[in-house]
1. How many residues are within 20 Å of Gly342 (Cβ to Cβ) and either among the hydroxyl-bearing types (Ser, Thr, Tyr) or not assigned by TED's automatic domain parsing to the domain that holds Gly114 (or both) when one looks only at segment 28-86?
2. Of the conditions (1) over 26 Å from Val250 (Cβ atoms); (2) in contact with a strand residue (DSSP E or B) (Cβ under 6 Å, 6 or more places away or on another chain); (3) surrounded by fewer than 21 Cβ atoms within 10 Å (Cβ to Cβ), Ala325 clears all except one; give me its number.
3. Run down Leu381, Leu370, Leu324, Leu431 and say which single residue is over 30 Å from Gln217 (Cα atoms), within 18 Å of the chain's Cα centre (by Cα), at pLDDT 95 or above and assigned by TED's automatic domain parsing to the domain that holds Ala162.
4. Looking at the structure I just gave you, is Val404 surrounded by 19 or more Cβ atoms within 10 Å (Cβ to Cβ) and within 12 Å of Trp150 (Cα to Cα)?
5. For segment 212-242, name all the residues that are over 13 Å from Arg171 (Cα atoms) and of a type in the set (Ser, Thr, Tyr).
6. Considering only segment 102-175, give the strands (runs of 3 or more DSSP E) lying wholly within it that have at least 3 residues that are surrounded by 19 or more Cβ atoms within 10 Å (Cβ to Cβ) and of a type outside the set (Gly, Ala, Ser).
7. Counting only residues that are of a type in the set (Gly, Ala, Ser), over 11 Å from the mean Cα position of the chain (by Cα) and farther than 22 Å from Leu247 by Cα, which one in segment 279-321 is surrounded by the most Cβ atoms within 10 Å (Cβ to Cβ)?
8. How many residues does segment 223-245 hold that are crowded, with 17+ Cβ neighbours inside 10 Å and over 14 Å from Thr211 (Cα atoms)?
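The values are calculated or read from the model by the stated rules, or taken from the named source; none is laboratory data. Bear in mind that the values here come from a model prediction, so they are computed numbers and not experimental data. Ideal geometry is used to build each Cβ from the backbone, glycine not excepted, and the neighbour counts take in all protein chains shown.
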Amino acid sequence: MRAGGRLLPLLLFWVPLRSASSQTLNDRAVVDSAAAARAAWSRAITALRANDWDTARREVERAASAWPTQPVYAWGRVVLAARRADTTGLRDALVGYLGLGLGRDLRADSSIAGYLHLPGFAPIVARHDSLRAPLPRSRVWATLPDSTFWPEGMDYDPRSGALYVASVRLRTIAERGRGGQVRELWSRERPGVGAMLGVRVDSARGVLWATTSGLAQMAGYLPADSGVAALLRIRIADGTIERRWELPPVPGGHLLGDLAVGPAGDVFMTDSNQPVLYRLRPGVDTLERISHILFRSLQGLAPTPDGRALFLADYSHGLLRLDLASGAVHRLPDAAGSTSLGCDGIAWHRGALIAVQNGVAPARIMRFVLDPGGTRIVAALVLDQHLPLADEPTIGAVIGDEFVYVANSQWEKYTDGGVRRPGARLTAPVLLAVPLPR
């Protein structure tokens with residue numbers, strides 16, 4: 001999901017905060033700030049609908065001050081200043097948005113474009129253009145032939161050279177062999193299997209781990225499919241689903257988005273809707289449920305090579321670190337001039353997190369460099385901003401000295417009900433590979 005350019009549609013980013021009974025003071029401070037921002041944003045939307053511009057602006061300022069790394073709130077300041085013909089406020093808000101390391105097409109909004117000729121705006125426009133410009137450092141690594149496939153998760157088997165890509169729409173997993181041949185592990189729209197989201201190779205055990213959830217966007221969806229939610233263990237050789245770990249139905253359903261295999265064989269899986277982290281320990285046959293006040297919209301996850309920590313991407317709260325021995329969770333403070341909100345798939349690489357950041361515009365591949373203790377982000381570097389090939393990137397994996405990622409999923413081309421949007425053009429799935437620093 002991406003940030004929009006208008007104020008009212010941005011209401012989509014506001015969701016009520018869930019409560020928790022115990023947390024550290026720092027965790028509570030983070031969550032309270034985000035909650036205060038969301039509450040202010042909700043009041044701003046209400047005021048705007050009532051044409052109460054003074055209240056709307058005051059509440060947007062509160063939201064942006066309480067949660068300054070949220071691009072939606074920062075852009076809300078821009079929109080309201082422009083609509084109120086506040087030249088000084090508009091200039092300040094545009095500079096503030098640049099402070100997140102992001103740029104927008106300022107000429108595309110007529111309410112903003114009329115001010116850009118005024119003194120002091122030219123360097124601001126130039127900087128916005130620079131930050132949103134394509135930065136195509138990647139190459140096409142692989143393609144799949146079917147434009148209807150709707151890819152989401154992917155992984156690579158170093159033993160065979162095979163690539164595995166999960167399909168949201170067709171409810172299967174495609175295997176692309178080293179020579180480019182493609183086979184699907186089971187027939188499309190298989191009963192009992194929902195949208196396929198995350199997939200990871202467990203080379204040591206010769207299996208794939210995958211997540212499936214019943215989503216309206218998948219082909220052949222029926223209301224009864226809303227209860228489908230499971231972790232699957234799949235035999236690579238023939239695609240047999242050896243074991244399913246089912247989750248019980250809950251209001252709102254599960255969204256099992258991504259997963260990871262730790263160095264000791266632990267399997268970790270995120271549920272974005274609840275939001276909960278699940279852990280399947282080696283030799284144990286039940287899922288361990290882990291919740292925390294900082295969990296709000298869990299996405300990708302990346303274990304450290306020593307197995308001591310697990311990093312998680314939370315769309316709303318940023319990048320988190322879980323200490324696997326103590327269970328402690330904390331948010332990684334952002335580097336100056338950046339934001340880690342809106343990250344989807346992540347991967348560990350040499351003291352940094354490589355992230356698909358598709359919750360900002362334009363979407364990009366980031367390298368978040370961590371301090372030696374892995375407790376904070378010290379630098380945020382754009383690795384790839386490959387437009388228009390990577391119009392909706394999702395999940396990737398480190399393969400050798402490259403990060404390979406799904407470039408063009410189809411979430412933005414369909415409605416929530418699975419209907420293709422008018423004029424949306426489907427393209428064959430492309431995986432891009434961007435070099436990583438050595």
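1. Selection size over segment 28-86: 5.
2. (2)
3. Working: Leu370 fails: within 18 Å of the chain's Cα centre (by Cα); Leu324 fails: within 18 Å of the chain's Cα centre (by Cα); Leu431 fails: over 30 Å from Gln217 (Cα atoms).
None of the others qualify; the one that does is Leu381.
4. Considered against the rule, which asks whether it is surrounded by 19 or more Cβ atoms within 10 Å (Cβ to Cβ) and within 12 Å of Trp150 (Cα to Cα), Val404 comes out as no.
5. The answer is Ser226, Thr240.
6. Filter on segment 102-175 gives 151-157, 162-167.
7. Quick first cut of segment 279-321, residues of a type in the set (Gly, Ala, Ser) only: 283, 291, 297, 300, 302, 307, 309, 313, 316, 318.
Next, only the ones that are over 11 Å from the mean Cα position of the chain (by Cα) stay: 283, 291, 302, 307, 309.
If we keep only those that are farther than 22 Å from Leu247 by Cα as well, we get 302, 307, 309.
On the way: Ala302: 23, Gly307: 14, Ala309: 19.
My answer is Ala302.
8. 3
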